[in-house]
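Below: the structure, in structure tokens.
The values are calculated or read from the model by the stated rules, or taken from the named source; none is laboratory data. Since this is a predicted model, take the numbers as computed values, not measurements. So basically every Cβ, Gly included, is an ideal-geometry build from the backbone, and we count neighbours across all protein chains shown.
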Amino acid sequence: METVYTFKTRRFTLELAAEPENDTPDWSGAEEDIQRIERGELVYFVARVRVLLDGRELAADYLGGCCYESAGSFRQDPYFYDMVRSAIKDARAAIRNTPRLRAA
């Protein structure tokens, strides 16, 4: 996957990555978009948003069938924000459910 956007805090990283979609678009009435994909004018990909804590993945959300002028332009779509919310929610749950170790 190619990372197209990263937001970092001291310990957390939110990352958007994309990889080419393996499935062929099956959109009735969208032949022009399919031709634009074939000509390389649009990118057809799977998006992944993930949350990392100190470099370790806590949660991720995936969306296939994305079609945009670039993978980076996906950040402007409401789907991206939904994926961010979902990944952060799952990361918070993972942190809550992680046992804490006490120092001896």
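Below is a table of values for the structure above.
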| read-out | value |
| --- | --- |
| Positions within the stretch 1-19 being more than 11 Å from residue 55 (Cα to Cα), aliphatic (A, V, I, L, M) and out of contact with any Asp or Glu (no Cβ under 8 Å at 6 or more places or on another chain), in sequence order | 4, 16 |
| Yes/no for residue 53 being touching a residue at least 24 places away in the same chain (Cβ under 8 Å) and in contact with a helix residue (DSSP H, G or I) (Cβ under 6 Å, 6 or more places away or on another chain) | no |
| Some residue of the stretch 71-82 being over 17 Å from residue 2 (Cβ atoms), among the hydrophobic types (A, V, I, L, M, F, W, C) and in contact with a helix residue (DSSP H, G or I) (Cβ under 7 Å, 6 or more places away or on another chain) | no |
| Pair list, Cβ under 7 Å, 6 or more apart: the stretch 12-33 residue aromatic (Phe, Trp, Tyr), other residue at pLDDT 95 or above and assigned to a strand (DSSP E or B) | 12/51; 12/52; 12/53 |
| Flag for residue 38 being among the acidic types (Asp, Glu) and exposed (fewer than 13 other Cβ atoms within 10 Å of the Cβ) | yes |
| Residue selected from the stretch 11-25 under the condition closer than 12 Å to residue 64 by Cβ and not polar (S, T, N, Q), by the criterion nearest to the chain's Cα centre (by Cα) | 18 |
| Filtered residues of the stretch 22-35 (kept if loosely packed, with under 15 Cβ neighbours inside 10 Å and either at pLDDT 95 or above or over 27 Å from residue 85 (Cα atoms) (or both)) | 24, 26, 27, 28, 29, 30, 31, 32, 35 |
| Residues located in the stretch 47-56, provided they are surrounded by fewer than 18 Cβ atoms within 10 Å (Cβ to Cβ), in a strand (DSSP E or B) and of a type outside the set (A, V, I, L, M, F, W, C) | 56 |
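Rundown of residues vs (1) at pLDDT below 95; (2) surrounded by 13 or more Cβ atoms within 10 Å (Cβ to Cβ); (3) touching a strand residue (DSSP E or B) at 6+ places or on another chain (Cβ under 7 Å), yes/no style:
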{"position": "58", "(1), (2), (3)": "no, yes, yes"}
{"position": "61", "(1), (2), (3)": "no, yes, yes"}
{"position": "65", "(1), (2), (3)": "yes, yes, no"}
{"position": "76", "(1), (2), (3)": "no, no, no"}
{"position": "81", "(1), (2), (3)": "no, no, no"}
{"position": "85", "(1), (2), (3)": "no, no, no"}
{"position": "91", "(1), (2), (3)": "no, yes, yes"}
{"position": "96", "(1), (2), (3)": "yes, no, no"}
{"position": "102", "(1), (2), (3)": "yes, no, no"}
